[in-house]
Each structure stands twice: as C-alpha cells, then as structure tokens.
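Written below as structure tokens is the structure these notes are about.
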Amino acid sequence: MLTKEILQALKGYTETMQKNVTFVVQTGEHSKREELVKFLSDIAGVSDKLNVEERDTNGELRSSISFLLEADGEDTGIRFSGIPGGHEFNSLILAMLHAAGTELKLDDSVKSMVKAVNEPMHFEVFISLSCHNCPEVVQALNQFALLNPNIKAEMIDGGLYQNLIQERDIQGVPSVYLNDELFANGKVDASVLINKLLERDPSLKGANKGEALPLQDVTVIGGGPAGVASAIYSARKGLKVTVVAETFGGQVKDTMGIENLISVPKTTGPQLVGNLMEHVRDYDITLKEHVRVDTIEKGNIKTITLSSGEQIRTRTLIVATGARWRELGVPGEKENVGNGVAYCPHCDGPFFKGKDVAVIGGGNSGIEAALDLAGIVKSVTVFEFMPELKADKVLVDQALKRDNITIIKNAATRQITAEGGKVNGIEYQDRATEEVQNLPLSGVFVQIGLVPNSQFMKDVVETTQHGEIVIDTKCQTSEPGIFAAGDVTTVPYKQIVISMGEGAKASLAAFEYLLSHEVDESEDASVAA
C-alpha cells in the first residue's frame, strides 16, 4: 500500500518531530486488522519516534480496526476507525506530525475559541476514502482535539462500518456527529464546524484575547481565485494586506477537472487551491481563515467585525466572496439533504453505487456531474429546465455516448419525494405538455448554478435583485474605497480565469484609490478609542 517513495518522503517529514507518537491499536479480530497493523507498522518504520502498540483500551476505541494516537504517552484525543488511505492518508500524517509538535495551521482566534470549550465533546466524522472534502473536516477536528483535552475526534470509514451507516441513515459524507447526535452533514468544512460551535456556545466569541492588527491598507474578503489575485497584487505593491476567508479556495475546491485555465492544460480544484495557498504564503499577507464577516462599518476607515469577535480596520476593502450552489427551492429538497439530496457528486456519488439517480441542471456542472456519476451508479437522468442544454458541446457529446445517461429537456422539477427518511423519486412536469410524471430513484444531485455570497453586503453597497454586487469597469462599488471582484459581482461569465483577472484589476484600482485618498486616523470616526 505504501511505496518506497512515500515512505522516504515520510522519513523526511518525521525528522523534526519533537515528541514520540504511538499508534495504539485495539486488540481483537477483524478481517482487515492485519492490513491495518502492517499499514501503521510501515509508517512507524520510518522513525524511531514512531511506534505501534496493540492494547485493550477498555472501551476507548470502537473496534479492532480502530486506533488512537498518543504523544509521549498521553492520549491526544485523535481516533481513526478504519484504514486511513486514499484522501485520508494526509489526515493521518498531519495528525501524527501535529501531535509530535508541528505547528497547527489554525488562526490564533480560532485556537482561542476551541481552547475555551469546557464541555466534553466526542466528534465522529463518517467519511468515504474517495471524498476529497472529508479530509478538511477530519483534519480540523483532529486539531481541535490537540488543542483541548475535552475534545475527541474520530474518523470513521463508512465503507467498513456499514451497520453504523444503516443505523444512522447516512447517505452523504462528510457526516459529523457530536456526542451521538447529528452536528453537521452535506457541505461541511472547517468554517461550518466553527460557526456551529459558536451557535452552540456564543460565549466562545469572547475567548480571543490576541492583539488587534494594525490599520490595514487592503482587506480582502474571500479566498478564491479573485481574492487571492487581489491579495497578491496588493502585497506586491508593499501594502499591508489581510485576507478573510471563511473557506479558502471557495467553489474551486469542488471542481475536479479544470482544463480551461490558460497555460495549465489540466489540473483539479484541490490542486489549484493548494497552489493558491502556496502563492499567498510567498508574501507578507495575514490570513484569517475559517471565520466570516459579520458586519462592516463604512467610513474613510472601514471597520470589519468577524465571527470570532475580532475587528479589522482597513483603508480599502475588496469583496471577493464568490458564490454558492443554488438550491431548487422545491418541497423535499432541504428536508432530504444527506438522505438522497446532494450537491457534490464527487463526495456522495459512491453512496449510490448501482442505484438510479437524477442530476438537475443541463449546464457544464450538470453534465460533468452526470459523466462522473455514470461510472458509479446504475443510471443517471439529467433534467434541464430549458428546451436545450447549456453545456459545452464536447461534454454533451460525451454524455450522449453513455448508455446509462438519459437527458430530459424542458422539464420543471416539482418536488423530491421520500419514504422512510430516504429519497425515493422525483416529480417533474413537461413544460410543453404540462403533463406531470414521477420517476423512481434513490438520489438527486442539484447542479443549477450559483448564488452570490453577498448577503453581508446588502446594506453596505448597491446590489442587483439577484444579489450581485454592482461594480464599474474598475471594480469600484457604490461605496468609496470598497471594491469587488469575481463571481460575487455583476461581471458576466463566471470563470476562474476571469475571476483572477478581476481580482488583479480590483487590487490595482484599490492602489490607485489609496494614492489619491490620504486618511488621517485621528480624524476618522470609525477609529476605536
């Protein structure tokens, strides 16, 4: 399972370990146990600071294919139930290195909030090894456990615990449970976890005691292609720059195949996001990740209040918050998210192996989703509201070649039906004949476009009826000193390459604004006393 190249790379990573780490495996019998022990032993073999121990943990571990991590003999709170290969291999290695003393990649304000949790919390994260979104959740919760002894985090491979999957009616990953109750499922990332912790205990917001940032020249809200381009261009001008990113990478993270980013023949969303982060770290840019903007106070100096309770004062602001998946808004959609209704075919497709599913939407995203699912499920039916598909011809041609893809055009989805807590069909209307029909199926993947993430800007700048921020040719909004770029704006054609260009343009416009607008802090009403 582990090649010589991987083991050699691991050996290099472990050279800076400050603590001894032990993989404690629960004793017992299981068909996969020998594979697990060998897997961990191979990893442990790269350093004398790593060890594998088989032990009866007196109920601390779920089964004989579960293990926990100890650092210098102390329980870290991190557990894995299953063999963390695939996308979760990085989760294991990061857990090992963080337990051994490698610095955690969490913002100080987030660390303060997690450390302030004073109740016992046992998180269970049900994952699929093919899910590219799951590792972020596992890795975040593992760091929570390392920060606070009240917190335990357990990764559970749904493929090896089918009884639990059926018992809890889980049809999508990641699915996060806290103290045996559903905490979050569907589109979950680290920011969702933190926001839900704040909802559960608002007092955590006051836990941040760090020093406030000095006055910033440019604050960028959003960590996708537009936001990163804005930040880098601003930093290259020698400006003080902060990026606030609830989810670094944004929608790009969910895009598996990218073949139209000029000069890059082929890449994936996760790879591109990794490259964006690497580029940001080349510059003196402050990154506030996994927190959202709650309020913005206008003025010559703008004051931004974050969900962590922190405030950032800035001379200019660039909003590049992108967009999110649009919902159908029909009966049965929200009620069945995680129980047959999904938005990410890459994450949840494996749960519908051999079953009939539908994809709502005939644009590029919808046809790409259908093609991805066709290799897993029994059949895919694509529903397009308009008389013709909007997807690129090359994608449509590929879909038409698949025997298990059916395309129904000019169809309006009326409702998603369910029985026993699981989706069992879709009701749709032929828009030409007005005839209503029902199609039995097990899953519905919604791919009908995006909604701009601009709700927090509603009373700050002018927006369209659809929520897009109105900008001019220099990305200037209706409020002086506030600029916007990318999918959140009125700029047409929501593409990665366009967002990058718009982000660069917004930065140059902000720099031009700064040159012509000197601000005396002592005279500005928004300066905190």
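The values are calculated or read from the model by the stated rules, or taken from the named source; none is laboratory data. Source: prediction; values computed, not measured. With ideal geometry, Cβ positions are generated from the backbone for all residues, glycine too; neighbour counts draw on all protein chains shown. All accessible areas refer to the heavy atoms of the entire protein, side chains included, with ligands and DNA or RNA removed. Shrake-Rupley method; radii C 1.70, N 1.55, O 1.52, S 1.80 Å.
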For this session: Tell me which of these Lys111 doesn't satisfy, since it passes every other one: (1) charged (D, E, K, R); (2) over 30 Å from Leu213 (Cα atoms); (3) open to solvent by less than 40 Å² (accessible area, probe 1.4 Å).
Result: (2)
Exercise. Taking the stretch 122-134 as the region of interest, how many residues are open to solvent by 10 Å² or more (accessible area, probe 1.4 Å) and either among the aliphatic types (A, V, I, L, M) or more than 13 Å from Gly77 (Cα to Cα) (or both)?
Worked result: 5
Exercise. For the stretch 171-191, how many residues meet the condition of being aliphatic (A, V, I, L, M) and surrounded by 21 or more Cβ atoms within 10 Å (Cβ to Cβ)?
Worked result: 4
Problem set entry | In the stretch 318-340, the residues that are in contact with a helix residue (DSSP H, G or I) (Cβ under 8 Å, 6 or more places away or on another chain) and either in a loop (DSSP other than H, G, I, E, B) or buried (at least 18 other Cβ atoms within 10 Å of the Cβ) (or both) | Ile318, Val319, Ala320, Thr321, Gly322, Ala323, Glu327
Problem set entry | Yes/no for Gln216 being of a type outside the set (Ser, Thr, Tyr), more than 30 Å from Leu371 (Cβ to Cβ) and surrounded by 22 or more Cβ atoms within 10 Å (Cβ to Cβ) | yes
Problem set entry | Condition check for Ala229: within 27 Å of Pro84 (Cα to Cα) and within 23 Å of the chain's Cα centre (by Cα) | no
Exercise. Among the residues of the stretch 135-148, is any aliphatic (A, V, I, L, M), outside any helix (DSSP H, G or I) and crowded, with 18+ Cβ neighbours inside 10 Å?
Worked result: no
For this session: May I ask you to list the residues in the stretch 72-84 that are more than 20 Å from Asn163 (Cβ to Cβ) and open to solvent by 10 Å² or more (accessible area, probe 1.4 Å)?
Result: Asp72, Gly73, Glu74, Asp75, Thr76
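Conditions (1) in contact with a Leu (Cβ under 8 Å, 6 or more places away or on another chain); (2) crowded, with 18+ Cβ neighbours inside 10 Å; (3) aromatic (Phe, Trp, Tyr); (4) under 17 Å from Leu441 (Cα atoms), marked per residue:
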| site | (1), (2), (3), (4) |
| --- | --- |
| Ala358 | yes, yes, no, yes |
| Gly362 | yes, yes, no, no |
| Lys378 | no, no, no, yes |
| Thr381 | yes, yes, no, yes |
| Phe385 | no, no, yes, no |
| Lys390 | no, no, no, no |
| Leu395 | yes, yes, no, no |
| Gln398 | yes, no, no, no |
Problem set entry | Filter result (more than 23 Å from Leu508 (Cα to Cα), assigned to a strand (DSSP E or B) and open to solvent by 10 Å² or more (accessible area, probe 1.4 Å)) within the stretch 305-317 | Thr305, Gln311
Problem set entry | Residues of the stretch 422-457 classified as part of a loop (DSSP other than H, G, I, E, B), touching a Gly at 6+ places or on another chain (Cβ under 8 Å) and either open to solvent by 40 Å² or more (accessible area, probe 1.4 Å) or closer than 27 Å to Gly349 by Cβ (or both), total | 6
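One line per residue, one yes/no per condition, for (1) free of Cβ contacts under 8 Å to residues at least 60 places away in the same chain; (2) open to solvent by less than 70 Å² (accessible area, probe 1.4 Å); (3) in a helix (DSSP H, G or I); (4) acidic (Asp, Glu):
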{"site": "Ser203", "(1), (2), (3), (4)": "no, no, yes, no"}
{"site": "Gly206", "(1), (2), (3), (4)": "no, yes, yes, no"}
{"site": "Ala212", "(1), (2), (3), (4)": "no, no, no, no"}
{"site": "Val220", "(1), (2), (3), (4)": "no, yes, no, no"}
{"site": "Phe248", "(1), (2), (3), (4)": "yes, yes, no, no"}
{"site": "Gly274", "(1), (2), (3), (4)": "yes, yes, yes, no"}
Exercise. Restricting the search to the stretch 276-297, which residues are in a loop (DSSP other than H, G, I, E, B) and at pLDDT below 95?
Worked result: His290, Val291, Arg292
For this session: Determine, yes or no, whether Thr413 is surrounded by 15 or more Cβ atoms within 10 Å (Cβ to Cβ), in contact with a Ser or Thr (Cβ under 7 Å, 6 or more places away or on another chain) and part of a strand (DSSP E or B).
Result: no
Seminar exercise, completed: Restricting the stretch 250-272 to residues that are open to solvent by less than 40 Å² (accessible area, probe 1.4 Å), assigned to a helix (DSSP H, G or I) and out of contact with any Asp or Glu (no Cβ under 7 Å at 6 or more places or on another chain), the one farthest from Asn195 (Cα to Cα) turns out to be Leu272
Exercise. In the stretch 390-407, how many are within 25 Å of Glu434 (Cα to Cα), part of a loop (DSSP other than H, G, I, E, B) and over 29 Å from the mean Cα position of the chain (by Cα)?
Worked result: 0
Problem set entry | Odd one out for Ala231 among (1) open to solvent by less than 50 Å² (accessible area, probe 1.4 Å); (2) touching a Lys or Arg at 6+ places or on another chain (Cβ under 7 Å); (3) at pLDDT 90 or above | (2)
For this session: Please find, among Leu97, Leu104, the residue that is part of a helix (DSSP H, G or I), under 29 Å from Glu310 (Cβ atoms) and open to solvent by 10 Å² or more (accessible area, probe 1.4 Å).
Result: Leu97
Exercise. Taking strands (runs of 3 or more DSSP E) that do not extend beyond the stretch 1-76, which have at least 1 residues that are of a type in the set (Gly, Ala, Ser), within 26 Å of Phe123 (Cα to Cα) and within 31 Å of the chain's Cα centre (by Cα)?
Worked result: 66-71
For this session: Scan the stretch 358-376 and report the pairs whose first residue is free of Cβ contacts under 8 Å to residues at least 40 places away in the same chain and whose second residue is open to solvent by 10 Å² or more (accessible area, probe 1.4 Å) and part of a strand (DSSP E or B), with Cβ atoms within less than 8 Å and a gap of 6+ or a chain change.
Result: Ala370/Ile405; Leu371/Ile405; Ala374/Ile405
For this session: Select from the stretch 478-501 the residues that are in contact with a Ser or Thr (Cβ under 7 Å, 6 or more places away or on another chain) and open to solvent by 20 Å² or more (accessible area, probe 1.4 Å) and list them in ascending order.
Result: Asp487, Thr490
